[in-house]
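The values are calculated or read from the model by the stated rules, or taken from the named source; none is laboratory data. Quantities reported herein were computed from a predicted structural model and do not represent experimental measurements. For neighbour counting, all protein chains shown are included, and Cβ atoms are generated from backbone atoms with ideal geometry for every residue, glycine included. We work out accessible area using only protein heavy atoms, side chains counted, and drop any ligands, DNA or RNA first. Shrake-Rupley method; radii C 1.70, N 1.55, O 1.52, S 1.80 Å.
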Amino acid sequence: MENYENFITFGYWQYEVIRHAFGFTVAVFAASLVYFGMTANQAIQKYRTTFAISAVVMVSATIEIFQLWLMWDRAFVWDEAIRQMVRVEGEIFSNGYRYANWLIDVPMLLTQFLIVLQFTGRELFNRWWKLTGAGALMIILGYIGQYYEPQVAGFVEGSGAPFWFWGLLSWLTFFGLLFMANEAVKDGLPQLSPEARGAMTNAWKILVVSWFIYGFAYMVPAVPALAESDTFVVVRQLLYTFADVVSKTVFGVLLANVAILQSRSESHASG
Ligand code: RET
């Protein structure tokens, strides 16, 4: 996947900030894995799955972002003549690993969301397949559209129409997903204890805001002024970094809190 990063030369700081962002993300996810492993025993048995899912999310993200880091390292080299980082002949940097990561994590995060909202049995399954199906479809549609990024940005001959076509389908799927998730929140919240409800509402808000960022980052190359700007490459990678840390770690910690608060109120009720 030839993302538009490959068509730009970078100042050293720009290259370095992106490399540090990868290093930061990998470290955050590896550290979060330890956190979820160590806090799981604060929740009662039936909520342990949410911690296990967070662990899956952390491992997959650590691996995929590490891949990006390796590619970034290999794909650019310092050119003393122009004092810029230029692409190494034959090497490519690709955001494709992000999509590979989301394809795992989006269904995982949505599953975790439904479990913490207290859905079980048939009701869980009915909501689960629609939500996770929409999530996976949204990512796959966007993944296909990504291949047309150099065209839409004007770096390569050819029509940018497929970028818009697949991107639009992905956006529509995203809105369907948000609608279903909102229904789940409405139906699930009253089943939670009053203390857990606040954390759950925050988790929902955080999901909406951080997930929108991914959709906006997709659109960046379609805006010529942004696509041609070396600084905007940095901004886009930082947007991904921010959205990743918030949608995986911050969201996961909030759901873990809901599970812990809920566990406490349930063991009080039974004891
Ligand atoms: C795409 C394509 C363009 C339209 C939209 C998109 C949405 C992506 C989202 C990704 C979420 C990823 C998460 C990862 C966490 O680990 C596919 C970029 C709307 C919402 C939550």
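Here are the numbers for this structure:
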| read-out | value |
| --- | --- |
| Qualifying residue in the stretch 214-228 (condition: among the acidic types (Asp, Glu) and either under 18 Å from Arg98 (Cα atoms) or open to solvent by less than 70 Å² (accessible area, probe 1.4 Å) (or both)) | no |
| Matching residues, the stretch 113-123, being open to solvent by less than 50 Å² (accessible area, probe 1.4 Å) and assigned to a loop (DSSP other than H, G, I, E, B) | Leu117, Gln118, Phe119 |
| For Val152: the one exception among (1) more than 30 Å from Pro194 (Cα to Cα); (2) surrounded by fewer than 21 Cβ atoms within 10 Å (Cβ to Cβ); (3) touching a helix residue (DSSP H, G or I) at 6+ places or on another chain (Cβ under 9 Å); (4) of a type outside the set (D, E, K, R) | (2) |
| Any chance Ser265 is away from the ligand (no atom under 16 Å from the Cβ), open to solvent by less than 50 Å² (accessible area, probe 1.4 Å) and at pLDDT below 95 | yes |
| Set Leu178, Leu168: member being open to solvent by less than 70 Å² (accessible area, probe 1.4 Å), at pLDDT 95 or above, of a type in the set (A, V, I, L, M, F, W, C) and within 16 Å of the ligand (Cβ to nearest atom) | Leu178 |
| So Lys205, is it open to solvent by 60 Å² or more (accessible area, probe 1.4 Å), under 25 Å from Gln237 (Cβ atoms) and charged (D, E, K, R) | yes |
| Residue match in the stretch 88-96 (condition: within 14 Å of the chain's Cα centre (by Cα) and part of a helix (DSSP H, G or I)) | yes |
| Residue identified as open to solvent by 70 Å² or more (accessible area, probe 1.4 Å) and out of contact with any Pro (no Cβ under 7 Å at 6 or more places or on another chain) among Phe36, Phe66 | Phe66 |
| Counted residues, the stretch 124-149 - those being near the ligand (Cβ under 10 Å from one of its atoms), open to solvent by less than 40 Å² (accessible area, probe 1.4 Å) and of a type in the set (A, V, I, L, M, F, W, C) | 3 |
| Filter pass, Val253 being open to solvent by 20 Å² or more (accessible area, probe 1.4 Å) and within 11 Å of the ligand (Cβ to nearest atom) | no |
| Subset tally (residues that are more than 14 Å from the ligand (Cβ to nearest atom) and open to solvent by less than 70 Å² (accessible area, probe 1.4 Å)) for the stretch 78-107 | 9 |
| Test set (1) of a type in the set (A, V, I, L, M, F, W, C); (2) within 16 Å of the ligand (Cβ to nearest atom); (3) assigned to a loop (DSSP other than H, G, I, E, B) - Leu110 fails condition number | (3) |
| When residues of the stretch 28-68 are limited to those that are more than 17 Å from the chain's Cα centre (by Cα) and of a type in the set (Phe, Trp, Tyr), the one farthest from Ser94 (Cα to Cα) | Tyr47 |
| Subset of the stretch 256-271 [out of contact with any Phe, Trp or Tyr (no Cβ under 7 Å at 6 or more places or on another chain), in a helix (DSSP H, G or I) and of a type outside the set (S, T, N, Q)] | Val258, Ile260, Leu261, Arg264, Glu266, His268, Ala269 |
